[in-house]
Structure formats: structure tokens, C-alpha cells
Ligand SMILES: NC(=O)C1=CN([C@@H]2O[C@H](COP(=O)(O)OP(=O)(O)OC[C@H]3O[C@@H](n4cnc5c(N)ncnc54)[C@H](OP(=O)(O)O)[C@@H]3O)[C@@H](O)[C@H]2O)[C@@H](O)CC1
Ligand SMILES: Nc1ncnc2c1ncn2[C@@H]1O[C@H](COP(=O)(O)OP(=O)(O)O)[C@@H](O)[C@H]1O
Ligand SMILES: [K+]
């Protein structure tokens, strides 16, 4: 069993992929082996999470997720825990693994009750897993509501009931709670556990591969957790020219702060030199708080070889500049108003598509919706699919921001960034991310690596942010850790 952290590098499989893994594993094992292993894993984690629990509530559903719950209850009872198993239904309607588990439960002297207990020290949600097909209702919704409203810790089996393994869209009751939440994923990790509603519903994630570790030799995983890549150490005999130039273009009247945030972030993330071209003719030509930044007339940027970060606070004036930039700029990040200018402009999108080196696009869900000509809700309903579609359509690396940012690139597996938290939900943090990506491009990283490493670091900084210190974009822009 493994606790999943932001450093974990692992393949993610959705419903179809996990069912394939399950079928292959079951074929070479005696009947019911996987479910028994699942029950043992759940019981072991439950005991580790709540060793002093006097009363454990196992809520079981109508399919094999419920079967996992029956098996766990047998183990917990055998270890001396007072265990209540809630289940309603017709035993003959259970799938065969779950029916066998129910028989074992009865043989162990346990019985099921059709009601929830009045109190418990740990709840185990074994209501719905991979087979969840519609919002839970009736007694399933009632039991979920009780588990989420209670102060006791909650351990979800495989998936929090009602969470879609592919998309991370959650249905059914869920309440904001201070009680610890854990999820023990079985056989595989799933994309939906890391994006959209997944993070909130799962809490701390664990993986039990049930003794069937699968590699992704055939490249069939639906996405990957990228893992951790430390910054490259620097050779001694280098100079500022060794680490590249970044040019930041944006800052229409009233929005001058955005490119300065991006430029400051690029500087602190290690770019050799950083230039800023502001679109507001009345803006000051330097920034006393960041004298390292070099301000230039915007029409002179980018110069040869500079990585360009384009769009932060750019306003509508940017649209006229985009054709030339798309044709001639080297490494390129398109953010905010550069993305808005692209939306619905087939000629611009064609130019983007034809670039020799893919650009990095960093839309938040509304910007992605504009580019895809759909609603934000449609983007959020399947973030992986939305990012993949955009990446193919624009022939670009697409970083779809939000909880569990998705990084999609043509011809490469999608990545889901596991770091970050809602303290990043503050104006300007997206500009900082764009600046981080620009700095990594300037230092020679390929667009996909620059995108995921920047997103990972951006989130990691937020995860380590001191609780008492406000997280503002300008502080974040200066927080990239110093190299050894
Ligand atoms: N077999 C094995 O070896 C292993 C299996 N494993 C475990 O099996 C789990 C998958 O099991 P599963 O396929 O039976 O699906 P599961 O999530 O239990 O639900 C399906 C049932 O729920 C019903 N249903 C759906 N939505 C509903 C709703 N809203 N409200 C009410 N009912 C609803 C649905 O009914 P239907 O929609 O068909 O009418 C069907 O009856 C997997 O997540 C893992 O925990 C692991 O131990 C590994 C080894
Ligand atoms: N709940 C969250 N979890 C993880 N990251 C988040 C969360 N909320 C916001 N972020 C991150 O914060 C940044 C916000 O960017 P964006 O929406 O473009 O803001 P702005 O335009 O104000 O800079 C993105 O990188 C996004 O992924
Ligand atoms: K569950």
C-alpha cells in the first residue's frame, strides 16, 4: 500500500482501463481473491487511521464496492473492532464476488442492518465505486449525507461514492468538513481522483494494487501524475546569457500589474534577463520594486531568441499583434487576452497550428470554453477531454488551470498536476504561472516539460505556504526556491 503524494509519478486509468486491469488480474487468480485482498487492505488502513476506534461503520452498496466493504468488515470484526455493516437489498441481485463476500460475512457471525448507526468513530464508504452511474439517491444518499456531516474520519473504498473515475465530477451529497477524509484506491489510481471535484472528495489518497502492479508499457494509461523533477544544478562557468531571455508583452491601461507579475516570476524562476513591453502608453517605464526588469517599447519585443510570454492583462490591442507574433516568436506562452483574441479566429488558430515549435496555452476554464466554443460547465464536465481536444486543435501544449490542472500535448500522454490548493484562487496567480513557464522555456526546457514543471512548482509553493502569511501573487512570484 502506498500513500500518494505530490512527488508520486504514476499512471492513471479510468473506468475502462481499470476494468481491463481487473479482468486480467482475476483471470490468473482463484475466484474472489482480489476482493479478499481489497477487504484486507481496507481493514489495515482503517486500523492504522483509527487504531482506537471503538465502533466502525461500514456502509455497503449494491455492487462489488459493497462486496469490498463486507470483506473489510469480516477482517475488522476478527481484529476485535465493533463493526456495524449497513446494507439493504436482495442478496441474489449482488454480483458474484460481492455475494460470496456476503456469505463470508454471515459465516463470520456478522449480520447486516438496513439502517445507519447513531454514532461511529470511523465510517467506511463502500456504497459505490467504479460502477456509479447516476447521482446517489434514497438510502445511499441518506447514508452519504450522514457520513459527510459527522465529525468522525471517513475512508472511501476505491472512490468516494458518486465521484466519476474518468472526469472527477462528483454527484450526491458532500459537505465541507474538518474531519479527515481518506480514499483507498484499488488496483489503479484514477484521473477523477486528481481533478475537478476529486481532490475535495478523496482527501488523502492511498493505493493498494492488490498484488497486481501494472506498468504502462503499452501506453494505455489515460493520464499520468508527473512526479517530481528537481531544478537542474548550474555549472559554475556560466553567465546570464546561459539562462535565456524572457520578454513579457501585455499590460493594457488598467492592467499593467499583470505583465509585471509575470516578469517578476520569470526573473525569480531563473531567467537570465527579463524584458517587459507594456501596451499602456502612459505606464511608467520602470518598476522601482523590481529594478532588474528592463522595460522596452512593446513593438520591439520579442527580440531574437527570447521566450515570449504574451497576453497577461493584454486587452484588445493584442489581437492586431498576434499574427506576426505567432509567425515569428520563438518559445511562446499564450495567456489571458492572447487566448481571448484567438477564440473564434480561425486564421490565427491556423497560424498557431503551423508553428514549428508548439506554444504553451494556459487557459482557465472560461478561456478554454471560449476557445472550444462551449460553456465553462462543459469544460469542467470533462477537463481531460477538453484539454486534449484543445491541444490537438491548436497543435499546442495546453495547461487547463484549476483544481488538478491538466497538461495535454499532441502525441504525448496527458498529465494532471497534483500540487496546489485553493489559496491560489487569488488574482494574478495565473500571471505568475505564465512567467514561471516562460523562464523554463528560456532555460531550454521543451514546452511540455516547462508547462508541467512550472505548474508543479507553482502548486508546491502554495502547499508549503506558511499558514499565517497571506498568499498574494506578488509574494508567489518571488518565492521560487533558490538553487543549490
Ligand atoms: N470484482 C472484483 O474482483 C473487484 C472489484 N472491486 C470493487 O468493485 C467496484 C466496482 O464494482 P461494480 O462494478 O459492481 O460497481 P459498484 O460501484 O459497486 O456499483 C454498481 C452497482 O451500483 C448500482 N448503482 C450505480 N449507481 C447507483 C446509484 N446512483 N444509486 C443506486 N445504485 C447505483 C448499479 O446498479 P445499475 O446502475 O446497474 O442498476 C450496480 O448495482 C470497484 O469500485 C471496487 O470497489 C475491487 O475490489 C477490485 C476487485
Ligand atoms: N483550488 C485550486 N487548486 C489548485 N490550483 C488552483 C486553485 N485555484 C486556483 N488555482 C491556480 O491558480 C491560478 C489562477 O490562474 P487564473 O485563473 O488565470 O488567475 P489570474 O488571471 O487572476 O492570474 C492557476 O494556476 C490555477 O490552477
Ligand atoms: K465508495
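Here the condition is being in contact with a helix residue (DSSP H, G or I) (Cβ under 8 Å, 6 or more places away or on another chain) and away from ligand 1 (no atom under 13 Å from the Cβ); of 2, 75, it holds for 75 alone. Looking across the stretch 179-196, the residues that are in contact (Cβ under 8 Å) with a residue 60 or more places away in the chain and away from ligand 1 (no atom under 14 Å from the Cβ) come down to 180, 182, 191, 194, 195, 196. I'm checking my understanding of the structure. Among residues of the stretch 200-220 that are surrounded by fewer than 17 Cβ atoms within 10 Å (Cβ to Cβ) and over 22 Å from the mean Cα position of the chain (by Cα), which one is nearest to residue 155 (Cα to Cα)? By that ranking, first place goes to 211.
Just wondering, is there one or more residues in the stretch 446-462 that are away from ligand 1 (no atom under 16 Å from the Cβ) and farther than 26 Å from residue 247 by Cβ? Working first, answer last.
Narrowing the stretch 446-462 to residues away from ligand 1 (no atom under 16 Å from the Cβ): 446-462.
Filter once more, so that each one left must be farther than 26 Å from residue 247 by Cβ: 460, 462.
Checked the stretch 446-462: at least one residue is away from ligand 1 (no atom under 16 Å from the Cβ) and farther than 26 Å from residue 247 by Cβ.
Counted as qualifying within the stretch 309-420 are the helices (runs of 4 or more DSSP H) with 3 or more residues that are surrounded by 19 or more Cβ atoms within 10 Å (Cβ to Cβ), namely 318-328, 336-342, 365-372, 383-394.
Whether any residue in the stretch 287-299 is in contact with a strand residue (DSSP E or B) (Cβ under 6 Å, 6 or more places away or on another chain), within 18 Å of residue 478 (Cα to Cα), part of a strand (DSSP E or B) and in contact (Cβ under 8 Å) with a residue 24 or more places away in the chain is what I want to check. No.
Is at least one residue of the stretch 45-65 part of a helix (DSSP H, G or I) and near ligand 1 (Cβ under 8 Å from one of its atoms)? Yes, the stretch 45-65 has at least one match.
Do we find that residue 265 is outside any strand (DSSP E or B), surrounded by fewer than 18 Cβ atoms within 10 Å (Cβ to Cβ) and either in the same structural domain as residue 160 (by TED's automatic domain parsing) or touching a residue at least 40 places away in the same chain (Cβ under 8 Å) (or both) in this structure? In short, no.
Any residue that is touching a strand residue (DSSP E or B) at 6+ places or on another chain (Cβ under 7 Å), away from ligand 1 (no atom under 16 Å from the Cβ) and touching a residue at least 12 places away in the same chain (Cβ under 8 Å) - is there at least one of those in the stretch 463-483? The answer is no, given that none of the residues of the stretch 463-483 is touching a strand residue (DSSP E or B) at 6+ places or on another chain (Cβ under 7 Å), away from ligand 1 (no atom under 16 Å from the Cβ) and touching a residue at least 12 places away in the same chain (Cβ under 8 Å).
With 381, 359, 377 as the choices, which residue is free of Cβ contacts under 8 Å to residues at least 60 places away in the same chain and either within 22 Å of residue 445 (Cβ to Cβ) or in the same structural domain as residue 329 (by TED's automatic domain parsing) (or both)? Can you show your working first?
Numbers: 381 fails: free of Cβ contacts under 8 Å to residues at least 60 places away in the same chain; 359 fails: free of Cβ contacts under 8 Å to residues at least 60 places away in the same chain.
Every option except 377 fails the conditions.
Annotation note: Cβ proximity below 9 Å between a residue of the stretch 59-72 that is not assigned by TED's automatic domain parsing to the domain that holds residue 129 and a residue that is near ligand 3 (Cβ under 10 Å from one of its atoms) (sequence gap 6+ or interchain) occurs for no pair. Of everything in the stretch 133-161 that is near ligand 1 (Cβ under 7 Å from one of its atoms) and under 18 Å from residue 199 (Cα atoms), the residue that is surrounded by the most Cβ atoms within 10 Å (Cβ to Cβ) is 157. Please determine whether any residue of the stretch 89-102 is at pLDDT 95 or above and touching a strand residue (DSSP E or B) at 6+ places or on another chain (Cβ under 7 Å). Checked against the condition, which is being at pLDDT 95 or above and touching a strand residue (DSSP E or B) at 6+ places or on another chain (Cβ under 7 Å), the stretch 89-102 yields no hits at all.
Could you list, in sequence order, all residues of the stretch 5-36 that are within 16 Å of ligand 2 (Cβ to nearest atom) and surrounded by 14 or more Cβ atoms within 10 Å (Cβ to Cβ)? So that I can check it myself, show each step before the final result.
First pass over the stretch 5-36, keeping only residues within 16 Å of ligand 2 (Cβ to nearest atom): 5-6.
Across the stretch 5-36, the qualifying residue is only 6.
If you filter the stretch 73-93 down to residues that are under 37 Å from the mean Cα position of the chain (by Cα) and part of a helix (DSSP H, G or I), you find that the one that is farthest from residue 147 (Cα to Cα) is 93. Looking only at residues in the stretch 120-150 that are out of contact with any strand residue (DSSP E or B) (no Cβ under 7 Å at 6 or more places or on another chain) and farther than 27 Å from residue 189 by Cα, the one that is nearest to ligand 2 (Cβ to nearest atom) is 142.
Here is a list: 449, 426, 474. Which entry is outside any helix (DSSP H, G or I) and modelled with pLDDT of 95 or more?
Numbers: 449 fails: outside any helix (DSSP H, G or I); 474 fails: outside any helix (DSSP H, G or I).
On inspection, the qualifying residue turns out to be 426.
The values are calculated or read from the model by the stated rules, or taken from the named source; none is laboratory data. Since the structure is predicted, the reported quantities are computational estimates derived from the model, not experimental observations. Because the Cβ atoms are built from the backbone with ideal geometry, glycine has one as well, and the counts that use them run over all protein chains shown.
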